[in-house]
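The values are calculated or read from the model by the stated rules, or taken from the named source; none is laboratory data. Small disclaimer: the values here were computed from a predicted structure and weren't measured. A quick note on method: Cβ atoms are made from the backbone with ideal geometry, for glycine too, and the neighbour counts reach across all protein chains shown.
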Amino acid sequence: MKSNPLSIVIGAGALLVSPGCGDAGGGGEGGEADATAAEFGTDEGDDAGDTGDTGDGAAELDSDEDGLSDVEEEMLGTDPNSKDTDEDNYWDSWEVWEGTDPLDLNSRIYQGFWPYYPNKDDLEQGSWATSTTATGSPFPRAEFLDQHGDSVDIYDFANFTSNETGEPSYMIIDMSAQWCGPCHNMANWIAGVDNAETASLQTAYPTVRDKVYSLRIWWITIIVEDAAGNPPTLSDSESWYAAHQDNHIPVLVDETQQVRGIYNGGQYPFFFLLEPELGVEFWGIPGPGDNPFLALFFVDQYL
């Protein structure tokens, strides 16, 4: 099992910062100006001290610009100078909003350390009734159980930029079935297994694994059928993860088989590509003589 790159990010003291997080947190330029005045004794800071006005200004001061005022952080016991007191990669304010404990590493939004995008409600919202395979059509806003038993909002993967390029990551959606041998072989390959069965995949798509492990691409496996072809359950996600342990890969279950209903390409595994704000970038069924996994070819050649 490979180490989790997100855990490495935690160790380095960095954050999973999505574009617009400062806006969502309410810090922005105003919060930065207040902190500067307090630290360097500018005219604004001196004037505030002369008047003795520590009412509204003190209540609104947000030194770390995480959306919680210093007063609120004192009440919570969190560090007003750190967005992420427990270093679990989720800002203190996000954890308060989501009902987890910003003081406890083990109480976090997602046990798998998946991203969290606080501005997801501002994205164009897809639905099971309106989403299609057409380019630009937004993926349905939905939650899926993952291998840790968490209910994952797939829109939390939007606009993820904590990678080597600083550019928002695209998402490969891997539609797989428990009964499907090639699906399990693909899972072995993306997990880093190099053997006779996976060699042809590495030859065909030599850059894809590196792009997944550097988080330039999120590879999201969605199990759409169990071993009997029926709707999958949490146990399918858990057993898939046990067989192909890879902390980079969210393994979600399509319990209602609505993903299968919209995006089925007539074969498993089947792949399609989402752009950083969850719109369809590429969905296509290979024809005779085409590369069998066109979305992987697209990632290998162009992303």
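Tabulated values for the structure
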| read-out | value |
| --- | --- |
| Flag for residue 113 being hydrophobic (A, V, I, L, M, F, W, C), in contact with a helix residue (DSSP H, G or I) (Cβ under 6 Å, 6 or more places away or on another chain), under 20 Å from residue 217 (Cα atoms) and modelled with pLDDT of 95 or more | yes |
| Tally of residues being of a type in the set (Ser, Thr, Tyr), in contact with an Asp or Glu (Cβ under 9 Å, 6 or more places away or on another chain) and within 23 Å of residue 295 (Cα to Cα) across region 204-236 | 4 |
| Some residue of region 143-151 being on the phi < 0 side of the Ramachandran plot, in a loop (DSSP other than H, G, I, E, B), surrounded by fewer than 19 Cβ atoms within 10 Å (Cβ to Cβ) and without any contact (Cβ under 8 Å) to a residue 60 or more places away in the chain | yes |
| Selected residue [under 22 Å from residue 131 (Cα atoms), in the same structural domain as residue 298 (by TED's automatic domain parsing) and within 20 Å of the chain's Cα centre (by Cα)] from 220, 262 | 220 |
| Residue within region 165-176 that is out of contact with any Pro (no Cβ under 6 Å at 6 or more places or on another chain), small (Gly, Ala, Ser) and in a loop (DSSP other than H, G, I, E, B) present | yes |
| Region 224-282, residues that are of a type in the set (Gly, Ala, Ser) and within 23 Å of residue 124 (Cα to Cα) | 261, 279 |
| Candidates 192, 112 - the one that is assigned to a loop (DSSP other than H, G, I, E, B) and farther than 20 Å from residue 300 by Cα | 112 |
| Extreme residue, farthest from residue 266 (Cα to Cα), among residues of region 207-248 that are among the small types (Gly, Ala, Ser) and part of a loop (DSSP other than H, G, I, E, B) | 214 |
| Residue 156 vs. criteria assigned to a helix (DSSP H, G or I) and in the same structural domain as residue 285 (by TED's automatic domain parsing) | yes |
| Tabulated pairs, region 193-209, first among the polar types (S, T, N, Q), second surrounded by 13 or more Cβ atoms within 10 Å (Cβ to Cβ), C-beta under 7 angstrom, 6+ apart or interchain | 198/185; 198/188; 198/189; 202/189; 207/300 |
| Criterion: touching a strand residue (DSSP E or B) at 6+ places or on another chain (Cβ under 9 Å), within 19 Å of residue 112 (Cβ to Cβ), modelled with pLDDT of 95 or more and not acidic (Asp, Glu) - qualifying residue of 268, 263, 241 | 241 |
| Any hit, region 139-152, residues being out of contact with any Ser or Thr (no Cβ under 8 Å at 6 or more places or on another chain) and among the basic types (Lys, Arg) | no |
| Qualifying positions in region 249-300 - of a type in the set (S, T, N, Q) and in a helix (DSSP H, G or I) | 258 |
| Close pairs from region 245-273: first within 15 Å of residue 153 (Cα to Cα) and touching a residue at least 40 places away in the same chain (Cβ under 8 Å), partner among the acidic types (Asp, Glu) and surrounded by 21 or more Cβ atoms within 10 Å (Cβ to Cβ), Cβ under 6 Å, at least 6 apart | 250/146; 252/146; 253/236 |
